[in-house]
Amino acid sequence: MIRIVKVATALTAASLALAACGSPNDTESGSSGTSSGASGGSAVKVGMAYDVGGRGDQSFNDSAAKGLDEAKAQLGAQTKESVATAGEAESAREERLQQLVEAGYTNVVAVGFAYAPAVKKVAADNPEAKFALVDSTDAKAANIQNIVFSEQEGSYLAGVVAAKKSKTGNIGFVGGVQTDLIKKFEAGYVAGAKATNPNIKVQVKYLTQPPNFSGFADPAAGKTAAEGMLSAGADVVYHAAGGSGSGVFTAVKAKNAMAIGVDSDQAKTAQADVRDAVITSVVKRVDVGVLEFIKQVKDGNLKSGEAVFDLKSNGVELATTGGKIDDLKAELDKVKADIVSGKIVVPTKP
């Protein structure tokens, strides 16, 4: 039976991705450390398949990579990672996961909902292997853990911040790809902003539509979208667009406006010349989920099914780097408490 697990510990997680065999994007690292949970005392071997953008996207994939790095440092894990490419066929994702398994990396982290069909197939073909699927419940089995987040809750807090900080009463949201997952970010953000200022204007723009997922790795498109919002009066722009967010930051910085980042604490991870434009970020602790999965497989105790990370478990949170939302702490703490208690029910659809 698949179990639903609420995660309440603060661990660290990481994401890796695997391209075609022999690809220059493949990386493999070893550790002399051993894993007590691995058979024969050998180190736990973990393969990570990144989504488009891969390690270095300053956002979603990097949060997953952080967890992988923690697993290497804390658990002596041996790892192999590779990255998806925009527009690749579904067969490429299946092959990437299968190659990881065949190379001996039988604990596989698939970073992103786009991997769901591939995980479903490859997990069924390799019942002895264990899989973590980030951001999707569309593939379930006894050897699959679904690492999912309450993105709408963190985004609600971001909406409160945007409405409080905006001087024009006009804010923006840039989504990478118009999927149900990214709509959760939009829904929470708009709800939080309008609860704070019912008259606020919220501009919304998605960069691409499925099956085109390039909206997560197109900084130029992100920049153009944000420029349009700024020209139309927005002075705060929140993005949930992966690597495309760097373009949003560039546009916002040029207009001396304010940006809200996503997934990682982007006041730390964005390019140095735009970091001061980021007033906060909605941090998804993908690192927490990834590290927890690796600890479970190391100990031979995988909990299949949904591992849910929400505000209550600190699985989503607002970053405070730079002190730019310190003046809102008391109000944000109250809103968070109301969400956790159920007094505020945050929508998951716009």
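The values are calculated or read from the model by the stated rules, or taken from the named source; none is laboratory data. These numbers were taken from a predicted model, which means no experiment stands behind them. So basically every Cβ, Gly included, is an ideal-geometry build from the backbone, and we count neighbours across all protein chains shown. Each accessible area value is taken on the protein alone, full model and side chains, heavy atoms only, with ligands, DNA and RNA left out. Shrake-Rupley method; radii C 1.70, N 1.55, O 1.52, S 1.80 Å.
Within segment 316-338, track down each residue that is among the aliphatic types (A, V, I, L, M) and over 21 Å from the mean Cα position of the chain (by Cα).
325, 328, 330, 332, 335, 337
Quick check on my filter: what residues within segment 98-152 are over 14 Å from the mean Cα position of the chain (by Cα), among the charged types (D, E, K, R) and within 30 Å of residue 335 (Cβ to Cβ)?
none
Which one of the conditions (1) in contact with a Ser or Thr (Cβ under 8 Å, 6 or more places away or on another chain); (2) open to solvent by less than 20 Å² (accessible area, probe 1.4 Å) does residue 221 fail to meet, given that it meets all the rest?
Failed condition: (2).
I'd like to know if segment 49-71 contains one or more residues that are more than 17 Å from the chain's Cα centre (by Cα), surrounded by fewer than 19 Cβ atoms within 10 Å (Cβ to Cβ) and in contact (Cβ under 8 Å) with a residue 12 or more places away in the chain.
No, segment 49-71 contains no residue that is more than 17 Å from the chain's Cα centre (by Cα), surrounded by fewer than 19 Cβ atoms within 10 Å (Cβ to Cβ) and in contact (Cβ under 8 Å) with a residue 12 or more places away in the chain.
From the list 224, 196, 250, pick out the single residue that is out of contact with any Phe, Trp or Tyr (no Cβ under 8 Å at 6 or more places or on another chain), under 17 Å from residue 164 (Cα atoms) and at pLDDT 95 or above.
Just a single option satisfies the conditions, and that option is 196.
With the requirement that a residue be among the polar types (S, T, N, Q) and touching an Asp or Glu at 6+ places or on another chain (Cβ under 6 Å), what does segment 65-92 give you?
82
Determine which single condition residue 85 fails, assuming it passes every other condition in (1) closer than 30 Å to residue 349 by Cα; (2) free of Cβ contacts under 8 Å to residues at least 24 places away in the same chain; (3) among the hydroxyl-bearing types (Ser, Thr, Tyr).
Of everything listed in (1) closer than 30 Å to residue 349 by Cα; (2) free of Cβ contacts under 8 Å to residues at least 24 places away in the same chain; (3) among the hydroxyl-bearing types (Ser, Thr, Tyr), residue 85 misses just condition (2).
Before we move on, is residue 37 open to solvent by 10 Å² or more (accessible area, probe 1.4 Å), at pLDDT below 95 and on the phi > 0 side of the Ramachandran plot?
Here the answer is no, as residue 37 does not meet what is asked.
Checking the condition at pLDDT 95 or above and touching a helix residue (DSSP H, G or I) at 6+ places or on another chain (Cβ under 7 Å), which residue from 109, 52 passes?
From the options 109, 52, the qualifying one is 109.
Do you know which residues across segment 153-183 are open to solvent by 20 Å² or more (accessible area, probe 1.4 Å), polar (S, T, N, Q) and either under 18 Å from the mean Cα position of the chain (by Cα) or within 30 Å of residue 129 (Cβ to Cβ) (or both)?
Of everything in segment 153-183, just one residue is open to solvent by 20 Å² or more (accessible area, probe 1.4 Å), polar (S, T, N, Q) and either under 18 Å from the mean Cα position of the chain (by Cα) or within 30 Å of residue 129 (Cβ to Cβ) (or both), namely 178.
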